[in-house]
1. Please go through segment 124-155 and give me each residue that is β-branched (Val, Ile, Thr) and modelled with pLDDT of 90 or more, ordered by number.
2. Which of the residues that make up segment 125-145 are under 18 Å from Glu158 (Cα atoms) and not polar (S, T, N, Q)?
3. Pick from segment 122-144 the residues that are farther than 24 Å from Glu109 by Cβ and over 28 Å from the mean Cα position of the chain (by Cα): which of them is surrounded by the fewest Cβ atoms within 10 Å (Cβ to Cβ)?
4. Please report, ordered by residue number, the helices (runs of 4 or more DSSP H) entirely within segment 1-71 with at least 2 residues that are in contact with a Lys or Arg (Cβ under 8 Å, 6 or more places away or on another chain) and not basic (Lys, Arg).
5. Output the residue which, of all residues in segment 7-39 that are β-branched (Val, Ile, Thr) and free of Cβ contacts under 8 Å to residues at least 12 places away in the same chain, is surrounded by the fewest Cβ atoms within 10 Å (Cβ to Cβ).
Amino acid sequence: MDSANFQTRLMSLQANMLNFAVMLTSNRDDAYDLLQDTTLKVLANKEKYVENTNFKGWVFTIMRNIFINNYRRVVRSATVIDQTEDYYHLNVSQDSAFESPEDTYAASEITAAINEFPEKYRVPFSMHVAGYKYNEIAEEMGLPLGTIKSRIFFARQELQKRFADFR
């Protein structure tokens, strides 16, 4: 395909490309940036386009890939840098929100509550917490899969009731 024909086909897609970019970015300004990046990338790689293939699909794939790469770059750059002395905040879990120890339950309290369950609930729940999959627990205990799921669900509900003031 000659250069003029290639550019004409690309320019005829600009309105569709803008709509797709707006859908991806949800922001008009970012959509225009994405449109421009895509147009430049397509023009720079026109020799890679193979005749008799879907031109529009090729262009939209390039746009989608640029959007994904930009998104990943933004997510990676959103890393929190701790500037406090001794890097105190890096060593505190994110969900703790600097709560006092009195505001949380110790693992021993939760374990004790689980150990008080009847065996039919305690065993499948403990296996589930240990990382076993539902079907593995069902095979090990010789019970139907639905029964295992129900028992784990009921054990979870019982823990939530018991530690309701934790929330």
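1. Passing the criteria: Ile137, Thr147, Ile148, Ile152.
2. Within segment 125-145, Phe125, Met127, His128, Val129 qualify.
3. Just the residues of segment 122-144 that are farther than 24 Å from Glu109 by Cβ, to begin with: 133-144.
Still in the list and also over 28 Å from the mean Cα position of the chain (by Cα): 138-144.
Values: Ala138: 18, Glu139: 13, Glu140: 13, Met141: 15, Gly142: 6, Leu143: 15, Pro144: 10.
Only one residue tops the list, namely Gly142.
4. Working: elements: 3-12, 14-25, 28-44.
Ranges flagged: 3-12, 14-25.
5. Only one residue fits best here, namely Thr8.
Quick grid of which residues meet (1) among the aliphatic types (A, V, I, L, M); (2) at pLDDT below 90; (3) open to solvent by less than 100 Å² (accessible area, probe 1.4 Å):
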| position | (1), (2), (3) |
| --- | --- |
| Asn52 | no, yes, no |
| Trp58 | no, no, yes |
| Ile66 | yes, no, yes |
| Thr79 | no, yes, yes |
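The values are calculated or read from the model by the stated rules, or taken from the named source; none is laboratory data. The shown structure was predicted, so the numbers you read here are calculated from the model rather than taken from an experiment. Neighbour counts run over all protein chains shown; Cβ positions are idealised from the backbone, glycine included. Note: areas computed on protein heavy atoms with side chains; ligands, DNA, RNA excluded. Shrake-Rupley method; radii C 1.70, N 1.55, O 1.52, S 1.80 Å.
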